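Asker: Quick one: this structure, given as structure tokens, is what I'll be asking you about.
The values are calculated or read from the model by the stated rules, or taken from the named source; none is laboratory data. Small disclaimer: the values here were computed from a predicted structure and weren't measured. Every residue, glycine among them, receives a Cβ derived from its backbone with ideal geometry; neighbour counts consider all protein chains shown. The area values use the complete protein model at the heavy-atom level, side chains included, leaving out ligands, DNA and RNA. Shrake-Rupley method; radii C 1.70, N 1.55, O 1.52, S 1.80 Å.
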Amino acid sequence: MSTQSTDLSEGKSDVLSEQTYAEIDQWLKKYPPEQKKSAVMAALRIAQDENKGYLTTDIISAIAKYLAIPAIEVQEVATFYSMYEHNPVGKHKICVCTNISCMLNGSEHILDYIYERLGIKPGETTKDGKFTLKEVECLGACVGAPMLQVGKEYHEYLTPEKVDALLSRLD
Amino acid sequence: MGDKKVTIEVNGQEIETQAGRMLIEIADEVGIPVPRFCYHKKLSVAANCRMCLVEMQAMREGMENPVVPACATPIGDGMKFYTKSPKAIAAQKGVMEFLLINHPLDCPICDQGGECELQDIAIGYGEGYSQYTEAKRVVKNKDLGPLIATDMTRCIHCTRCVRFGEEIAGTRELGMIGRGEHTEITTYLEHSISSEMSANVIDLCPVGALTSKPFRYSARSWELNNVDAIAAHDCVGSNIIVQTLHNKVKRVLPRENEALNEVWLSDRDRFSYLSQTHTERLETPMIKKGGEWQCCDWNTALTTLVAELDILVKDKKNTIGALLSPSSTLEEGYLLQKIVRGMGQHNIDFRIRQQDFSQQTLDPLYPHLGVNIDDISTLDAVMLIGSNIHKDQPIIGHRLRQAVLKNDTKVMAVSHRQYSFHFPVTENIIVHPQRIALQLAGIAKALLTLNNASAPTGLKEVIDDMLITDIQQKMAEKLQAAKRGHLILGNMIYGLEDYAQIRMLASLIASLSECNIGYLTEGANAAGLAIAGCLPHRKEVGKENNQDVGLHAQEMLSKTLDAYILLGIEPELDTLNPQQAINTLTASSMVVVMNAFVTDTMKQYANILLPISTPLETSGTFVNTNGMWQSFTGAVSPYKEARPAWKVLRVLGNLFELDDFDYRSSEEVKESIASKYTAEKFDNRIIWQEHLFENRINNVNNEPIRISDVPGYAIDAMVRRADALQDSLDMQIADKVLMNEKLAQVLQCHADNIVEVEQLEGSGKFIVAIDESIPDDCIYIPSAVAATTNLAAPFSTVSIKE
Ligand code: SF4
Ligand code: FES
Ligand code: FES
């Protein structure tokens with residue numbers, strides 16, 4: 001009976017490491033104690049990093065439990081932002097913006113070109129586990145459209161040549 | 001908000017109102033139609049559907065008039081709006097078109113068809129054609145449990161259902177995951193919903209995404225007849241609409257009443273109708289002859305009954321007792337007590353789960369909550385004593401939660417079991433039931449100290465060397481500080497052996513802290529039955545009959561009487577001590593069972609079975625916990641040969657040749673009580689009874705004791721037979737025995753194992769669950785469920801074998 005969806009029991013579980021909890025605690029210090037849920041985005045990011053770049057329902061439940069909020073609230077946040085992954089991803093996550101400015105500037109061709117090069121469509125990962133391709137919403141870099149993001153870096157004014165150069169740099 | 005008056009203009013009509021309110025509220029008040037999906041007057045403003053766009057007069061000269069959402073536009077003096085201007089209409093049309101892009105338009109096979117806000121608004125504000133030719137999205141349906149059916153492709157993401165969970169039900173179960181075109185409404189990992197008010201999302205959902213699962217595909221809404229009625233399962237008396245087709249109840253919906261249920265309804269009141277056609281419905285009168293059951297007509301059944309009872313009762317030494325359900329109507333109760341009293345006896349009672357009757361003369365005229373339901377939000381401190389308020393009286397639980405949210409009401413709880421309320425509890429005392437009185441004495445002592453008062457006679461010895469605990473002190477201080485504090489005695493308290501002491505102490509606490517105190521009781525009509533005179537010590541409208549006090553429920557069930565009339569109860573489930581009840585009844589030579597249902601157990605102890613109507617098939621009156629008399633008519637005619645109980649009782653009265661039994665309608669019965677009744681003002685506090693504490697306060701012996709309560713969906717014969725409710729999460733408790741780890745080790749019980757629980761000569765099998773909220777030395781086993789019909793009374797010792 002303890003697995004009810006509304007279970008609001010607090011505490012740790014062994015899904016997350018002590019290191020992860022310690023990092024989440026750093027974020028919790030920034031908010032008043034009754035506002036623990038403010039740390040949900042940071043907690044998800046930290047836990048995702050620990051778990052090779054993606055989240056599982058166990059992780060989502062564990063975070064909900066630690067922050068004492070309903071699990072569905074954590075899931076809402078985790079599915080709203082495209083930075084959170086719910087399936088294993090490759091070593092490099094290529095996020096191609098296909099929102100309006102990028103679309104008008106040919107983001108579709110960029111996607112096609114990546115498919116030509118790597119044989120993956122948005123949502124897919126190369127067989128060697130090196131690349132994952134994602135379609136994302138506006139990343140706020142419309143001025144450099146079409147653009148994509150890998151890791152913490154933006155790559156703008158994309159052309160097939162630029163994509164080639166980028167891919168050869170990533171190992 | 002403030003009370004500042006402002007004047008605005010809508011479509012040229014001047015309206016004077018308070019500043020700061022949203023335009024849509026004012027439009028609704030004066031009857032100017034504004035289309036909407038996400039706005040709901042009982043929920044927060046989300047402003048996400050944009051259907052309510054209207055044109056607003058620009059604030060500055062030369063600026064273009066903006067279109068604004070009426071639900072999220074607070075008004076100010078001099079503002080002017082146009083809801084039907086070309087600009088407003090264009091905006092509304094545009095939104096409508098977007099909303100319909102992904103909507104499946106499967107109205108012909110949708111249960112919402114005919115009562116769908118999307119359908120209605122599309123007709124009023126949409127185009128007659130679609131220019132959208134691309135593919136529509138499809139969303140997988142979700143399994144939300146036995147009550148709510150889903151067709152998620154129809155969802156327009158208004159989030160009413162999500163906000164309902166967060167703001168009203170208090171359990172955030174539904175959520176909106178994903179984003180943009182991938183948005184979906186779901187529960188976490190598709191859990192069933194557990195809220196006791198969950199099905200209100202069916203009414204809230206403006207489209208056919210969430211509909212009633214039991215009702216699914218069984219009728220079209222426009223074919224249904226509506227009958228106003230009163231819900232029959234708790235002391236609120238929620239107002240309902242019963243929808244019928246071809247003399248069958250198809251659906252039950254809330255009927256708005258701001259003083260009681262507002263626009264809501266508990267799942268229990270909404271789905272109990274499912275028992276109407278249960279296979280256990282009793283179809284015809286039956287008589288047991290030589291150990292064999294025979295069906296017969298009413299005439300035969302009643303004349304046999306009268307003949308046998310007449311012989312019995314002619315001999316004045318013989319005794320007859322009547323036990324009735326606390327959900328019987330006022331009229332039924334009045335006529336039944338009239339029959340019993342007509343036979344010169346006073347053995348009648350509806351308090352069938354009570355154990356301690358020692359102070360019944362101090363009972364108020366009827367059990368009253370002591371505060372109006374719609375005033376609960378004004379209380380600033382509430383102490384719940386033995387109450388699972390959300391499950392027992394969902395509407396009152398909801399009101400209390402709103403009080404906590406809006407008025408910062410402090411809620412404290414004293415109980416033998418920890419309940420997961422949907423509001424924070426500031427102080428919680430969870431103890432062995434035999435220590436509840438001691439805990440209350442501690443709070444009383446703290447209050448005496450705070451007030452510099454000396455203990456009343458009799459109590460001094462008890463509390464003299466008692467240490468006041470921190471929690472007791474805090475509770476005392478909160479009650480003392482409250483301007484409007486309230487204590488509530490809940491459903492569980494009546495089953496305790498020291499109920500009289502507990503009530504006395506609670507009343508003392510109320511007096512010392514200048515708080516009020518009130519009762520919450522089982523059933524829909526405990527108040528009405530007390531007024532009707534269904535008590536051994538009181539006749540109609542509370543007239544004491546001190547010289548000639550009859551037997552109370554416990555006495556009637558512990559020594560066998562010569563004859564019994566049982567109205568609407570299943571003693572094996574509805575009484576405190578099922579084992580004893582069955583033994584006693586089986587030993588009696590004449591048991592008349594008047595019930596809508598029949599079971600094999602009933603057939604063992606009964607001699608005559610009379611099929612009676614459910615509350616949906618009879619007219620009558622319930623008096624709620626605020627003393628509101630609410631009358632209703634039958635929505636459908638009685639099942640097969642069943643008859644309204646008041647009619648059966650009237651005929652019986654005539655056959656017994658008793659005086660004044662010529663009622664032609666249930667209204668006439670009600671009138672004859674109402675004409676003698678004058679409503680009085682209530683103060684439930686009682687005068688100090690010093691003798692009550694002569695033997696000091698109960699002491700715990702350390703043998704494991706069984707604690708109990710009645711799960712929300714086990715409370716009466718109808719609810720127990722509403723299959724969809726039985727399938728819900730809450731009823732998973734029905735075959736469990738709960739204890740804490742410490743006791744489990746002593747008893748060598750292991751989680752998930754099946755154990756045999758023995759109590760006196762009966763036993764039952766249960767699955768062990770470890771629950772740390774159960775106090776030491778306590779074993780929780782529910783009451784009123786099939787597995788406990790052979791057990792004895794709760795709050796006594798049990799033994800467990802693995
Ligand atoms: S399921 Fe119904 S109530 Fe919930 S968001 Fe969708 S349309 Fe609104
Ligand atoms: S649309 Fe691509 S970055 Fe803004
Ligand atoms: S009703 Fe105003 S935006 Fe939905």
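Asker: If a residue counts only when it is touching an Asp or Glu at 6+ places or on another chain (Cβ under 6 Å), which helices (runs of 4 or more DSSP H) contained entirely in the stretch B:673-766 have at least 2 such residues?
Answerer: Output list is empty.
Asker: Within the stretch B:175-195, take every residue that is facing chain A (nearest Cβ under 7 Å), hydrophobic (A, V, I, L, M, F, W, C) and assigned to a strand (DSSP E or B) and give me the one that is surrounded by the most Cβ atoms within 10 Å (Cβ to Cβ).
Answerer: Looking at the filtered set, the residue picked out is B:Met176.
Asker: Of all residues in the stretch B:389-423, which are open to solvent by 10 Å² or more (accessible area, probe 1.4 Å), in contact with a helix residue (DSSP H, G or I) (Cβ under 7 Å, 6 or more places away or on another chain) and farther than 20 Å from B:Tyr494 by Cβ?
Answerer: Selection gives B:Arg399, B:Gln402, B:Lys406, B:Asn407, B:Lys410, B:Phe421, B:His422, B:Phe423.
Asker: Scanning the stretch A:131-166 for residues that are more than 16 Å from ligand 2 (Cβ to nearest atom) and modelled with pLDDT of 95 or more, which turns out surrounded by the most Cβ atoms within 10 Å (Cβ to Cβ)?
Answerer: Going through the qualifying residues, I end up with A:Thr132.
Asker: Residues B:Ile715, B:Ile697, B:Ile673: which one is over 28 Å from the mean Cα position of the chain (by Cα), open to solvent by less than 30 Å² (accessible area, probe 1.4 Å) and touching a residue at least 60 places away in the same chain (Cβ under 8 Å)?
Answerer: On the way: B:Ile715 fails: over 28 Å from the mean Cα position of the chain (by Cα); B:Ile673 fails: over 28 Å from the mean Cα position of the chain (by Cα).
Matching residue, one of B:Ile715, B:Ile697, B:Ile673: B:Ile697.
Asker: Another question, then. Do any residues in the stretch B:149-164 that are under 10 Å from B:Gly208 (Cβ atoms) have Cβ atoms under 7 Å from those of residues that are within 14 Å of ligand 3 (Cβ to nearest atom), where the two are at least six apart or on different chains, and which pairs are they?
Answerer: Pairs found: B:Arg154/B:Val207; B:Cys155/B:Val207.
Asker: Assess whether A:Gly123 counts as being without any contact (Cβ under 8 Å) to a residue 40 or more places away in the chain, surrounded by fewer than 19 Cβ atoms within 10 Å (Cβ to Cβ) and within 14 Å of chain B (Cβ to nearest Cβ).
Answerer: yes
Asker: Of the numbered conditions (1) within 16 Å of ligand 3 (Cβ to nearest atom); (2) open to solvent by less than 20 Å² (accessible area, probe 1.4 Å); (3) farther than 28 Å from B:Gln726 by Cβ, B:Cys155 fails exactly one; give the number of that condition.
Answerer: With (1) within 16 Å of ligand 3 (Cβ to nearest atom); (2) open to solvent by less than 20 Å² (accessible area, probe 1.4 Å); (3) farther than 28 Å from B:Gln726 by Cβ applied to B:Cys155, the lone miss is (2).
Asker: Moving on. List pairs: first in the stretch B:676-690 and within 17 Å of B:Leu330 (Cβ to Cβ), second open to solvent by 90 Å² or more (accessible area, probe 1.4 Å), Cβ under 8 Å, 6+ apart or cross-chain?
Answerer: No pair meets every condition.
Asker: Out of contact with any helix residue (DSSP H, G or I) (no Cβ under 9 Å at 6 or more places or on another chain), under 16 Å from B:Ala724 (Cα atoms) and hydroxyl-bearing (Ser, Thr, Tyr) - does that describe any residue in the stretch B:211-223?
Answerer: Yes: one or more hits.
Asker: Related question: Restricting to the stretch B:774-802, name every residue that is surrounded by 19 or more Cβ atoms within 10 Å (Cβ to Cβ) and acidic (Asp, Glu).
Answerer: Scanning the stretch B:774-802 gives a single hit, B:Asp777.
Asker: Kindly provide the set of residues from the stretch B:251-274 that are in contact with a Leu (Cβ under 6 Å, 6 or more places away or on another chain) and not in a helix (DSSP H, G or I), ordered by number.
Answerer: The answer is B:Pro254, and nothing else.
Asker: Can you tell me which of B:Val95, B:Val45 is within 16 Å of ligand 1 (Cβ to nearest atom) and in a loop (DSSP other than H, G, I, E, B)?
Answerer: B:Val45
Asker: Further question on the same structure: In the set B:Ser796, B:Ser773, B:Ser763, which member is of a type in the set (S, T, N, Q) and within 14 Å of another protein chain (Cβ to nearest Cβ)? Explain how you work it out, then say what you get.
Answerer: Working: B:Ser796 fails: within 14 Å of another protein chain (Cβ to nearest Cβ); B:Ser763 fails: within 14 Å of another protein chain (Cβ to nearest Cβ).
From the options B:Ser796, B:Ser773, B:Ser763, the qualifying one is B:Ser773.
Asker: Go through (1) closer than 28 Å to A:Lys162 by Cβ; (2) open to solvent by 10 Å² or more (accessible area, probe 1.4 Å); (3) more than 14 Å from chain B (Cβ to nearest Cβ) for A:Thr98 and report which single condition fails.
Answerer: (3)
Asker: Of everything in the stretch B:140-150 that's open to solvent by 20 Å² or more (accessible area, probe 1.4 Å) and away from chain A (no Cβ under 13 Å), which residue is nearest to ligand 1 (Cβ to nearest atom)?
Answerer: B:Asn141
Asker: State yes or no: is B:Val162 within 14 Å of chain A (Cβ to nearest Cβ), over 33 Å from the mean Cα position of the chain (by Cα) and at pLDDT 95 or above?
Answerer: no
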